[in-house]
1. Nearest 500 deg cm²/dmol is fine: what mean residue ellipticity at 222 nm does the chain get from its DSSP H runs of n ≥ 4 alone, each adding -39,500 (n - 2.57), divided by its residue count?
2. Can you pull out the chymotrypsin sites (Phe, Trp or Tyr not before Pro) in segment 45-138 that DSSP calls coil and that have at most 14 other Cβ atoms within 10 Å?
3. Normalised by the residues of segment 1-63, what does the relative contact order come to in percent, with Cα pairs under 8 Å and at least six apart?
4. Under a Cβ-only charge scheme (Lys and Arg +1, Asp and Glu -1), can you give me the dipole magnitude of segment 72-187 about the Cα centre, in debye to the nearest 20?
5. So if I take the centroid of the Cα atoms in segment 71-127 and the same for segment 21-46, what is the distance between those two points in Å?
6. Apply the Karplus curve 6.51 cos²θ - 1.76 cosθ + 1.60, θ = phi - 60°, to the phi angles in segment 185-190 and return the couplings in whole Hz, x for Gly and Pro.
7. Quick one: what are the phi-derived ³J(HN,Hα) couplings along segment 119-133, Karplus 6.51/-1.76/1.60 with θ = phi - 60°, whole Hz, x for glycine and proline?
8. Please list log₁₀ I(q)/I(0) at q = 0.09, 0.10, 0.16 Å⁻¹ for segment 72-187, using the Debye equation with identical point scatterers on the alpha-carbon positions.
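Any read-out appearing in this document is the output of simple, stated calculations on the displayed coordinates, not a laboratory observation. The structure presented is a predicted model; accordingly, all values stated were derived computationally and were not measured. In this analysis, Cβ positions are derived from the backbone assuming ideal geometry, glycine residues included, and neighbour counts consider all displayed protein chains.
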Amino acid sequence: MGERIIEVDSVRGIAIVMMLFYHTLFDLVFLGMISSVLYLLPVVLFQRTIGFLFVITAGVALTLSESKNEEGYERHFLRALKLAAVAAMITLVTWIVVPDRFITFGVIHMLALSTLIAPIFFKLGKWNVVLGAAIMAIGLLVVGTVVDNTFLFWLGFPYPGYTALDYYPMLPWFGVVLLGMGLGTVIFPNGKPKFKIPKLPLMDQLAFLGRHSLTIYILHQPIILGILIALMLLR
């Protein structure tokens, strides 16, 4: 698998800490323990920052994986299948728990599809920064455009009445993946850091979280909800 890049894992670890805070806030609102603050601009920006950090580091990680990959496309394909399985589980669970807002194309769904098609763009190298920025710009221009076709929501064109707890369409978010891939080529040529970054406090702990981000993503909501429900019952 090759040596891990602590800087990338640390950034992902920061996103994990932010996600745990945000989802605790979300669950407090969901359970009626506090009034809703989820649609206040600072909270919305905080949530989107979390998503951006996860997605751009996923793009960087794809480039790093490719630079050390001796198995060709198979490794990326298997990773995409793993993410797709997690995405399907998320869709099923949210359909059972919140059938009116269940997740059909959240961040894991988007990363699964992106991982499947990203290898097509590896040869562009640093030019993925330009392509990614262009896709992001197009996505931001068309985001939320409602169409009658019920099969284009994954691309960024929801149908009338479409709602979901988590929504990360390919436009603009695949652009963020490509941006990360391009930056990965520039910052980590041949899979090695181009610039020496001093080790910062808590870097090892954040990197540990980052290395286990998918496991934490799967388990954190049941744990947080379980703790909050137990506190409600005790109170």
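1. Working: 8 runs with 152 residues, N = 235.
It comes out at -22000 deg cm²/dmol, rounded to the nearest 500.
2. In loop regions of segment 45-138 (DSSP not H, G, I, E or B), there are no sparsely surrounded chymotrypsin sites (Phe, Trp or Tyr not before Pro).
3. On the way: 24 pairs, mean separation 30.0, N = 63.
Relative contact order here is 48 percent.
4. Working: 6 positive and 4 negative charges, 86 e Å.
My answer is approximately 420 debye.
5. 26
6. 5, 6, 7, 10, x, 6
7. Here the 3J(HN,Hα) series is x, 4, 9, 4, 5, 6, x, 5, 5, 5, 4, 5, 4, x, 4 Hz.
8. With one equal scatterer per Cα and no solvent, log10 I(q)/I(0) is -0.26, -0.33, -0.79.
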